[in-house]
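Below is one structure; the comments refer to it alone.
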Amino acid sequence: MSRYNLIHRPRRLRKTEALRNLVRQTQLSVHDLIFPIFVEENLEERKPISSMPGVFRETENSLGEKVKEAENLGIQTIILFGVSHKKDADGSDSLSPDGLLSRMIKKAKNVAPNMNIVADVCFCEYTDHGHCGPIAEDGDVDNDATIENIGKQAVNCAKAGADIIAPSGMMDGQVLSIRESLDEAGFQHIPIMAYSAKFASTYYGPFRDAAGCALGKYEHVAKDRKSYQMDPANGDEAIRETLLDIDEGADMVMVKPGLAYLDILYRVKEAFKMPTFAYHVSGEYAMLKAAAEKGWLDYDTTMMETLLSFKRAGADGIITYTALDAARILANK
Ligand code: PBG
Ligand code: ZN
């Protein structure tokens, strides 16, 4: 007998595994996972990315095996990033039907016709200065020249077989330009997953090694992306950016990075009730891997808790470098 007469004892529902399973509110499924793959052209052998242990730059051949591996684990969506050897001021290789962007989409589609192939639509992987569009006189990215080109890039991706177009450059009007260009080219059915609230984040550091799109090569060109990616201090602006993308025709929206921006994710989902995605970015992955390598955190459980937190905050899906690991864990549950 207890001398306390407690009516409410939340611990009642935590007593057994079966009770906890019964009342669990949020679940992570393999269908929530979007797996990113880096592909480098003219590469003999797949190359490990040192700041992202377990992640490789795939060759155009090994891309096929990676896509198959993801498919065999039940993953149905991948996103592709190119590491170009044909960079120029405008990123023109990404507009060519024979360019790397087009080739890797074709290859992935060929290997796995039922997979959703997401094309990350931006120019930074194909420009020699590393910015997300051509540079104007003042050293800053030329917004309207970029959105003119980005419509063409999106059509190039759709022609290659992309199922989803994901513009990541944070240019004003890019979603509208893409929607109009896709429609004119007969791709009315291809949806846009907009990186709507993308912040100028230092958590992208390892990605820039991975994709080879670091800035700073040219004296007269801006040394950061703060004139187009958002100020990490601005929550309300993220809502406005997302609203603009929805008005311009975005079918899905995204918040990026992930963990440090869970408040934004929650607000975006609450405000718009759109299919909403979180990008668990390279720096977040690197931190997790580093702590695990030191023996300070358990990789599997910390990762699964992190992915669940995105879902709890409102994400319908997550772009994550942990996708294969998470899929394996989900399969063995
Ligand atoms: C390109 C792009 C970036 C990322 C995804 N697409 C880099 C950037 O904007 O600097 C970052 C992904 C990551 O860090 O995992 N626009
Ligand atoms: Zn970019």
Exercise. Once both labels are modelled 7 Å past Cα along the beta-carbon direction, what's the residue 240-residue 180 spacing in nm?
Worked result: 2.3 nm
Problem set entry | With Cα atoms, 0 to 90° folded angle of helix 235-248 axis to the chain main axis | 60 degrees
For this session: Please list 155-161, 6-12, 221-227 highest first by mean number of surrounding beta-carbon atoms within 10 Å per residue.
Result: 155-161, 221-227, 6-12
Exercise. For helix 299-313, what angle does its Cα long axis make with the longest principal axis of the chain, in degrees from 0 to 90 and rounded to 10?
Worked result: 80 degrees
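Kindly provide the helix-only [θ] at 222 nm of the chain, computed as the sum of -39,500 (n - 2.57) over DSSP H runs of four or more divided by all residues, to the nearest 500 deg cm²/dmol?
Details: 11 runs with 128 residues, N = 333.
Rounded to the nearest 500, it is -12000 deg cm²/dmol.
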Exercise. Under the definition of Cα pairs under 8 Å and six or more residues apart, what whole-number percent is the relative contact order of segment 28-331?
Worked result: 19 percent
For this session: Just order 18-30, 86-98, 268-280 by mean Cβ neighbour count inside 10 Å, highest at the front, would you?
Result: 268-280, 86-98, 18-30
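Excluding residue 42 itself, what net charge comes from residues whose Cβ is under 15 Å from its Cβ, given Lys and Arg +1 and Asp and Glu -1? Each step should come with its number before you reach the end.
On the way: positive: 46, 47, 57, 86, 87, 103, 107; negative: 40, 41, 44, 45, 58, 60, 93, 98, 125.
Spelling it out: positives minus negatives among the neighbours equals -2.
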Problem set entry | Tilt relative to the chain, helix 62-72 - C-alpha long axis, 0 to 90 degrees, to 10 | 30 degrees
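For residue 29 and residue 226 in the same chain, what is the full-extension length gain: residue separation times 0.36 nm, less their Cα-Cα distance, in nm? Write down the numbers at each step before the final one.
On the way: separation 197, 0.36 × 197 = 70.92 nm, distance 3.48 nm.
My answer for the length gained is 67.4 nm.
Let me have the relative contact order for segment 176-300, percent, based on Cα pairs under 8 Å that are six or more residues apart.
On the way: 148 pairs, mean separation 38.4, N = 125.
Relative contact order, segment 176-300: 31 percent.
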Exercise. Can you tell me the Rg and the Dmax, both Å, for the Cα atoms in the chain?
Worked result: 20.7, 80
Exercise. How large is the dipole of the chain about the Cα centre if only Lys and Arg carry +1 and Asp and Glu carry -1, each at its Cβ, rounded to the nearest 20 debye?
Worked result: 2380 debye
Exercise. Total Lys pairs in segment 206-333 closer than 26 Å by alpha-carbon, pairs eight or more apart in sequence or interchain only?
Worked result: 14
For this session: Report, in debye and to the nearest 20, how large the dipole of segment 110-264 comes out about its Cα centre when Lys and Arg carry +1 and Asp and Glu carry -1 on their Cβ.
Result: 580 debye
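For segment 28-331, what is the percent of antiparallel DSSP beta bridges, rounded to the nearest 5? The partial results should precede the final answer.
Details: 3 of 36 bridges.
Restricted to segment 28-331, the bridges split so that about 10 percent are antiparallel.
Bear in mind these aren't lab numbers, they're just calculated from the coordinates by the rules spelled out. Everything quoted here is computed from the prediction, not taken from an experiment. Heads up, the Cβs are rebuilt from the backbone with ideal geometry, glycines too, and the neighbour counts pull from every protein chain shown.
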